[in-house]
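Chemist: Handing you this structure, nothing more for now.
Only the coordinates and a few stated rules stand behind these numbers; no lab work does. Owing to the predicted nature of the structure, the values given are computational and were not obtained by experimental measurement. A quick note on method: Cβ atoms are made from the backbone with ideal geometry, for glycine too, and the neighbour counts reach across all protein chains shown.
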Amino acid sequence: MSESSYEAVYGRWQSDTEAFWAEAAADVQWDRQWNNVLDDSRPPFYRWFAGGQLNSCYNALDVHVANGRSDQLALIYDSPVTDTLKKYTYRQLRDEVAKLAGVLQKHGVQKGDRVIIYMPMVPEAVMGMLACARIGAIHSVVFGGFAANELATRINDAKPKLILSASCGIEPKRTIAYKPLLDEAIDLATTKPETCLILQRPQLEAALMAGRDLDWATEMETAVSAPCVSVAATDPLYILYTSGTTGVPKGVVRDNGG
């Protein structure tokens, strides 16, 4: 965007904020139109697009499949550390996400439930976020490789029904085993997740705990694709925790509508 274009956009936003965001919202696929752009009746608790219904996963993936972009690339994973290159079209990514969403539903995750994602930067982490959004679950990404006590703090606060994780993370000079950190965090936490879905990476395989841990690939083999669940624009999409350097980490909630 050129400087002049930016100034024009910024000027429109300044002159009429609600009209500006109403125009932007016209590009979003709504299941039900919102009543008003901004509900500021209870400051500082502002509500954007109140009354509207939508699905964030549909707007990220399905809409592009429906509009003729099925075969365009949606995600490129290029890891120089593992020398891995994977490419997903919108259709391929939509299909993988829908299957993973089905796995989550199979194991009791419903609209409004929380799911912690404790994973390295792999395509499955993106799929996990979108799968949660697809069924109206609230995801919380926790930095992969975080110490057990830090993860436990976030587990206690979010109270996840399920945790998505991987056997390890890989850095240029070392492999970090995630599963022992996850196991210790769950032991420390007062709130225990019912299920952990573990992505086994070839660089290091993790031991799974019977009755709690499930193998990602095995579950995906028999997964039934889940449709999109419509949620309110004001329903939470994700929780992202602050660093906690000045106290207990605080969960910042972002809703689906803005």
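Chemist: If the requirement is being in contact with a helix residue (DSSP H, G or I) (Cβ under 8 Å, 6 or more places away or on another chain) and acidic (Asp, Glu), which of these qualifies: GLU171, GLU194, GLU124?
Modeler: After applying the criteria, what remains is GLU124.
Chemist: Could you list all residues from the stretch 155-184 that are under 14 Å from MET119 (Cβ atoms), in contact with a Phe, Trp or Tyr (Cβ under 8 Å, 6 or more places away or on another chain) and part of a helix (DSSP H, G or I)?
Modeler: LEU181, LEU182
Chemist: Does ALA25 qualify as being small (Gly, Ala, Ser) and in contact (Cβ under 8 Å) with a residue 24 or more places away in the chain? Walk me through how you get there before you give the answer.
Modeler: Values: small (Gly, Ala, Ser): yes; in contact (Cβ under 8 Å) with a residue 24 or more places away in the chain: yes.
Answer is yes for this residue.
Chemist: Is it fair to say GLY108 is in contact (Cβ under 8 Å) with a residue 12 or more places away in the chain and surrounded by 21 or more Cβ atoms within 10 Å (Cβ to Cβ)?
Modeler: no
Chemist: Considering only the stretch 124-150, state which residues are in a helix (DSSP H, G or I) and either more than 20 Å from LEU104 (Cβ to Cβ) or charged (D, E, K, R) (or both).
Modeler: Result: GLU124, ARG134, ALA148, ASN149, GLU150.
Chemist: Among the listed residues THR190, THR246, THR153, which satisfies the condition of being among the polar types (S, T, N, Q) and surrounded by 14 or more Cβ atoms within 10 Å (Cβ to Cβ)?
Modeler: Sole residue among the options that is among the polar types (S, T, N, Q) and surrounded by 14 or more Cβ atoms within 10 Å (Cβ to Cβ): THR153.
Chemist: If ALA66 satisfies all but one of (1) within 20 Å of ARG134 (Cα to Cα); (2) in contact with a helix residue (DSSP H, G or I) (Cβ under 8 Å, 6 or more places away or on another chain), what's the number of the condition it fails?
Modeler: In the conditions (1) within 20 Å of ARG134 (Cα to Cα); (2) in contact with a helix residue (DSSP H, G or I) (Cβ under 8 Å, 6 or more places away or on another chain), ALA66 misses (2) alone.
Chemist: Given the criteria touching a His at 6+ places or on another chain (Cβ under 7 Å), crowded, with 20+ Cβ neighbours inside 10 Å and of a type outside the set (A, V, I, L, M), does TYR118 qualify?
Modeler: no
Chemist: If you don't mind, another one. Please verify whether the stretch 195-204 includes one or more residues that are over 22 Å from the mean Cα position of the chain (by Cα) and in a loop (DSSP other than H, G, I, E, B).
Modeler: yes
Chemist: Hey, another quick one. Report, by residue number, each residue of the stretch 205-258 that is closer than 20 Å to LEU182 by Cα, touching a strand residue (DSSP E or B) at 6+ places or on another chain (Cβ under 7 Å), without any contact (Cβ under 8 Å) to a residue 60 or more places away in the chain and not in a loop (DSSP other than H, G, I, E, B).
Modeler: ASP213, ASP215
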